[in-house]
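See below for the structure under consideration.
The values are calculated or read from the model by the stated rules, or taken from the named source; none is laboratory data. Predicted model only: the values in this text are computed from it and were never measured. Neighbour counts run over all protein chains shown; Cβ positions are idealised from the backbone, glycine included.
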Amino acid sequence: MKIPFRIGDVLVYLFIILLVVGSFAGLSWMGRGSEHNQVIIEVDNTIWGTYDLPMGEDTREILVDAGDGLYNQLILTSVGVSIREASCPDQLCVTAAKINRPGQTIVCLPNKVVVRIIGNQEGEAPLDDIAS
């Protein structure tokens, strides 16, 4: 004997679907509306450089020297940051997607290079040194 769906079952499924959709919507909106985004490049846990994202059609290329002949070539545009070329054997950092929102990172483990974006939301106070 088959038991049909009851109204409580439908409500539970609807709640779960709304929860999942709301979570994805929240994640997709996270980091939007931020201003003054900066790119921080770290080599072996030491800050190698800090750069502002270019505006408009400007493009900036940065060659990160990780020592011992290891390097990463970064491309900074208003759309995001990506690694164009690297001396690492696996090339995972080159195939990584562009990052463009605060909190996103690209990591090249063999070269010990970490590229991350930081920024402040509109109306939010800047982070202090302890929080970052």
Exercise for review: Run Asp58 past the list (1) surrounded by 14 or more Cβ atoms within 10 Å (Cβ to Cβ); (2) of a type outside the set (Val, Ile, Thr); (3) farther than 21 Å from Leu27 by Cα and report the number of the one that doesn't hold.
Suggested key: (1)
Study note, to complete from the structure: The condition from (1) in contact with a Cys (Cβ under 8 Å, 6 or more places away or on another chain); (2) assigned to a strand (DSSP E or B) that Asn111 misses is numbered (2)
Practice item. Test Ser132 against the stated conditions and say whether it is modelled with pLDDT of 90 or more and either more than 25 Å from Leu27 (Cβ to Cβ) or in contact with a strand residue (DSSP E or B) (Cβ under 8 Å, 6 or more places away or on another chain) (or both). Key: no
Point to revise | Any hit, the stretch 97-105, residues being free of Cβ contacts under 8 Å to residues at least 60 places away in the same chain, among the aliphatic types (A, V, I, L, M), surrounded by fewer than 16 Cβ atoms within 10 Å (Cβ to Cβ) and within 26 Å of Trp29 (Cβ to Cβ) | key: yes
